[in-house]
């Protein structure tokens, strides 16, 4: 592993609540202090870190950029993913989705059949409504655990599709002919199963590739097709 990769991992591993000193990062990366100082200076020039004397600071955008840089340099995705915090994990997904022209809402809460539901991310781009459950599992996706998560996500997606028209979604689907609600599980780590019960299981750093291929494969995935024109005369929340 290159010195730059070691340094990036050491920076990402620092706790946000603790001051990250250059000497601490140097020891964590197991590289000489002078090399650490030089590389951190270059990272600051590239906007990847902020230096205040001996203290190294990073915001969420910088940590994301550092993670991407490390992967580009060949660092294993799991090693980098395990350094990211839950909020950063969800933020990555939000950024990637919006860059692919999806309208995205986080933590969508709604009611259906007398029960309260919540969806981590709902992303819309005609005719797709991508319903995402974010799983920040550091220690792997065991098959039994994954199957349970997928079943729950299918149930959530079905409930959301059946709840239309739903003002809680805050999406205007009135100009659509139909909406294809697709459940998906977004994982921190790669799984042996890329599809489970016909539901895509997408590692966070492979989300971009998944979105590019989704229009071609959407109809072959688990989905709930809702004709929008049939909903125009229904009142919000009407069964």
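The values are calculated or read from the model by the stated rules, or taken from the named source; none is laboratory data. Note that the coordinates shown come from a computational prediction; the quantities given were computed from them, not determined experimentally. For neighbour counting, all protein chains shown are included, and Cβ atoms are generated from backbone atoms with ideal geometry for every residue, glycine included.
Results, tabulated for the structure shown:
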item	result
The range 206-239, subset in a helix (DSSP H, G or I) and under 14 Å from residue 166 (Cβ atoms), residue modelled with the lowest pLDDT	231
In the range 176-194, residue farthest from the chain's Cα centre (by Cα) [restricted to those that are modelled with pLDDT of 85 or more and either surrounded by fewer than 17 Cβ atoms within 10 Å (Cβ to Cβ) or not in a strand (DSSP E or B) (or both)]	177
Restricting the range 48-61 to residues that are in a loop (DSSP other than H, G, I, E, B) and within 23 Å of the chain's Cα centre (by Cα), the residue that is surrounded by the most Cβ atoms within 10 Å (Cβ to Cβ)	49
Options 98, 24, 36; residue that is assigned by TED's automatic domain parsing to the domain that holds residue 172 and at negative phi	98
Among the candidates 9, 31, residue that is touching a helix residue (DSSP H, G or I) at 6+ places or on another chain (Cβ under 6 Å) and either crowded, with 17+ Cβ neighbours inside 10 Å or assigned to a helix (DSSP H, G or I) (or both)	31
Tally of residues being touching a helix residue (DSSP H, G or I) at 6+ places or on another chain (Cβ under 9 Å) and not in a strand (DSSP E or B) across the range 17-28	8
Qualifying position, being touching a helix residue (DSSP H, G or I) at 6+ places or on another chain (Cβ under 9 Å) and within 23 Å of residue 206 (Cα to Cα), among 37, 56, 49, 75	75
The range 82-105 - residue that is surrounded by fewer than 18 Cβ atoms within 10 Å (Cβ to Cβ), modelled with pLDDT of 90 or more and touching a helix residue (DSSP H, G or I) at 6+ places or on another chain (Cβ under 9 Å) and, of those, nearest to residue 207 (Cα to Cα)	100
